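The structure appears below as structure tokens.
The values are calculated or read from the model by the stated rules, or taken from the named source; none is laboratory data. Given the structure is predicted, the values throughout are model-derived calculations rather than measurements. For neighbour counting, all protein chains shown are included, and Cβ atoms are generated from backbone atoms with ideal geometry for every residue, glycine included. Ligands, DNA and RNA are excluded from the accessible area calculation, which covers all protein heavy atoms including side chains. Shrake-Rupley method; radii C 1.70, N 1.55, O 1.52, S 1.80 Å.
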Amino acid sequence: MQAQPRHDWTSEEVRALFALPFPELLYRAQTVHRQHFNPCEVQVSTLCSIKTGGCPEDCNYCSQSAHFDTPVKATKLMAEAEVLAAARAAKEAGATRFCMGAAWRAPKDRDMEKVTALVRGVKALGLETCATLGMLSPAQAAELKTAGLDYYNHNIDTSEAHYGKVITTRSFADRIDTLAAVRAAGMKVCCGGILGMGETAEDRGEMLRTLANLPVHPESVPINQLMPAKGTPLAGADKVEPMEFVRTIAVARILMPKSFVRLSAGREAMSDETQALCFLAGANSIFYGEKLLTAGNPDQDHDRRLFASLGMKPMAAAEEATHHAA
Ligand code: SAM
Ligand code: DTB
Ligand code: SF4
């Protein structure tokens with residue numbers, strides 16, 4: 001019988017999944033994965049930082065926050081021609097989705113005009129469009145949808161209990177409000193979090209439970225491993241145990257069977273073997289290209305070799321479009 005998406009997971013159930021012996025957990029995750037996806041295919045997105053640094057928020061993990069002394073220099077919004085050239089290159093390299101990130105608390109009205117033009121331009125190249133611009137009002141979400149934005153990325157980052165220890169300039173509830181505005185506007189949701197910010201195993205479970213108990217599961221669930229950024233309060237945070245990372249991917253897969261689970265930031269610091277375990281645990285999406293927003297990512301040759309060694313391949317846009325979260 002197919003695992004149907006549920007939205008009523010309890011803390012006990014999630015805890016019990018994390019406590020399963022590794023072979024049992026992976027078997028269950030793989031079983032669910034195969035009911036909904038071809039386990040040999042991985043969705044591929046490419047990131048572009050259209051406005052870097054100088055951000056007024058104080059996210060303790062982020063190299064782009066103006067609160068911390070980091071090597072990242074603040075830039076203006078990129079010119080349209082430059083963004084479109086990056087999008088073309090991403091498409092040629094095999095990406096199906098282009099994700100534009102801006103270091104804003106929220107877009108201002110004058111930003112909206114420029115960003116909607118970028119969305120139209122990227123969409124016209126035949127790519128799926130995604131943006132991550134901070135908080136949105138319902139009207140801004142509707143404007144982006146009208147411009148052709150397919151996905152909006154807005155992460156809850158961690159559990160509600162741990163959130164205040166990582167960010168003080170906005171609340172967990174603010175994040176949930178923006179997610180609701182994105183949904184109401186009819187866009188797809190990309191929402192996940194970061195492991196390695198001093199959270200407990202319980203916090204990881206609760207973060208996933210919040211995502212899985214949203215009225216509709218996020219279509220895309222990025223699980224990032226903290227990339228320690230020089231000058232930020234979390235620069236020296238303890239590393240995540242690789243098996244704990246893999247377990248978190250597996251639990252995400254089981255809780256949100258029809259969603260794309262993205263093995264997101266932090267792959268550069270992972271062995272190929274850990275990445276392979278993540279794919280076996282149900283991860284089926286990655287960021288492709290040697291730069292994320294400000295930090296590094298494996299280069300395309302490395303990823304091509306990794307895929308070839310595993311007999312896996314990038315998912316075609318047409319195939320991707322047949323999947324729907326619930
Ligand atoms: N400013 C917007 C916002 O925060 O919503 C969008 C850009 S922000 C950089 C997007 C996401 O990247 C964050 O929510 C966080 O989950 C992730 N991220 C940022 N810095 C990271 C780091 N050093 N390691 C891992 N993930 C990170
Ligand atoms: C997400 O969950 N991870 C991406 C994307 N959404 C926007 C960003 C990762 C950022 C990694 C650190 C950096 O490049 O500065
Ligand atoms: Fe700003 Fe986003 Fe970085 Fe937070 S994560 S400081 S909101 S760019």
Only unsatisfied item for Pro71, checking (1) open to solvent by 40 Å² or more (accessible area, probe 1.4 Å); (2) in a loop (DSSP other than H, G, I, E, B); (3) away from ligand 2 (no atom under 16 Å from the Cβ), is (3)
In this structure, does Asp272 turn out to be of a type in the set (Asp, Glu) and either within 16 Å of ligand 1 (Cβ to nearest atom) or closer than 15 Å to Val44 by Cβ (or both)?
no
When you check Ser220 against the structure, is it in contact (Cβ under 8 Å) with a residue 40 or more places away in the chain, open to solvent by less than 10 Å² (accessible area, probe 1.4 Å) and out of contact with any His (no Cβ under 9 Å at 6 or more places or on another chain), yes or no?
yes
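Let's see how each residue does on (1) of a type outside the set (Phe, Trp, Tyr); (2) more than 30 Å from Asp8 (Cβ to Cβ); (3) assigned to a helix (DSSP H, G or I):
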{"position": "Asn224", "(1), (2), (3)": "yes, no, no"}
{"position": "Ala252", "(1), (2), (3)": "yes, no, yes"}
{"position": "Thr294", "(1), (2), (3)": "yes, yes, no"}
{"position": "Asp303", "(1), (2), (3)": "yes, yes, yes"}
With Asp150, Asp157, Asp177 as the choices, which residue is open to solvent by 10 Å² or more (accessible area, probe 1.4 Å) and within 16 Å of ligand 2 (Cβ to nearest atom)?
Asp150
Does Gly236 count as farther than 20 Å from Tyr163 by Cβ, more than 15 Å from ligand 2 (Cβ to nearest atom) and not in a helix (DSSP H, G or I)?
yes
Yes or no: Leu118 part of a loop (DSSP other than H, G, I, E, B), more than 10 Å from ligand 3 (Cβ to nearest atom) and open to solvent by less than 20 Å² (accessible area, probe 1.4 Å)?
no
Phe98 versus (1) farther than 30 Å from Met312 by Cα; (2) aromatic (Phe, Trp, Tyr); (3) without any contact (Cβ under 8 Å) to a residue 60 or more places away in the chain: which is the lone unmet condition?
(1)
Could you list, ordered by first residue, the pairs with Cβ atoms under 7 Å in which the first is in the stretch 57-83 and within 12 Å of ligand 3 (Cβ to nearest atom) and the second is of a type in the set (Lys, Arg), at least 6 apart or interchain?
Glu57/Arg105; Glu57/Arg170; Thr70/Lys230
